[in-house]
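Okay, so here's the structure we're looking at.
The values are calculated or read from the model by the stated rules, or taken from the named source; none is laboratory data. What you are looking at is a predicted structure, and each value in this text was computed from that prediction instead of being measured. Glycine also receives a Cβ, built like all others from the backbone with ideal geometry; neighbour counts cover every protein chain displayed. Ligands, DNA and RNA are excluded from the accessible area calculation, which covers all protein heavy atoms including side chains. Shrake-Rupley method; radii C 1.70, N 1.55, O 1.52, S 1.80 Å.
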Amino acid sequence: MTLLHLVGDARWSYRVVLDLFEDGDSLAASSLSMARRRFDSGLVTEIRTALLGVWDDHRGVSEEALWHGYSPHVVDGTKITVPRELLKEGFRPSAGLYPHALISILARIRDRVIVDVSTSSSWDERKQAHKHLEHLTSKDLVVYDSGFPSLAMLVAHAGTGIGGVFRVKSTRSFKEITNFLRSTENDAYVTIK
């Protein structure tokens, strides 16, 4: 269970986990980080997925952790600067000399567990968010910031049965949403064309 805390609880650092082992003082926290770099990212994903399953079985899901019966998740992305050597791999600079990459994460809100993470030379956050849907079921709900609403994302959610909550701008949104915001209604069903 100790190693699961590295996957399932942001409060557990490498050092805290190593301290739980008898000879943890003989290992440096950086050793775990260096060893992890030697693994293929696909293998790390498989291990993380398997550990998350064990973590969920161990901790269970209480009704209080659900929102109207759904397990809420969040998707977010950030751009990072990467080494210049990655220019050859298709990463491009946004401004300046160094290329940038997009890191996108899918995390569960209830326990802050990262369910999926991706790194891409494409800066298209919607494209990465679409890929994260493969890790969810119809019992999940995804909360998005204002950069994510698009017809393609709405269609993807409708097609998979995965709930989606999209923050939208009060202007420059779908016509149907703009009309709703101008109305006096509290809720409505709309057809987006």
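Out of all the residues in region 173-193, which are assigned to a loop (DSSP other than H, G, I, E, B) and either open to solvent by 90 Å² or more (accessible area, probe 1.4 Å) or not hydrophobic (A, V, I, L, M, F, W, C) (or both)?
Ser173, Ser183, Thr184, Glu185, Asn186, Asp187, Tyr189, Thr191, Lys193
Could you list all residues from region 147-160 that are in a loop (DSSP other than H, G, I, E, B) and open to solvent by 40 Å² or more (accessible area, probe 1.4 Å)?
Matches in region 147-160: Gly147 only.
All but one of (1) free of Cβ contacts under 8 Å to residues at least 60 places away in the same chain; (2) surrounded by 11 or more Cβ atoms within 10 Å (Cβ to Cβ) hold for Lys139; state the number of the condition that does not hold.
Only one criterion is unmet by Lys139, namely (1).
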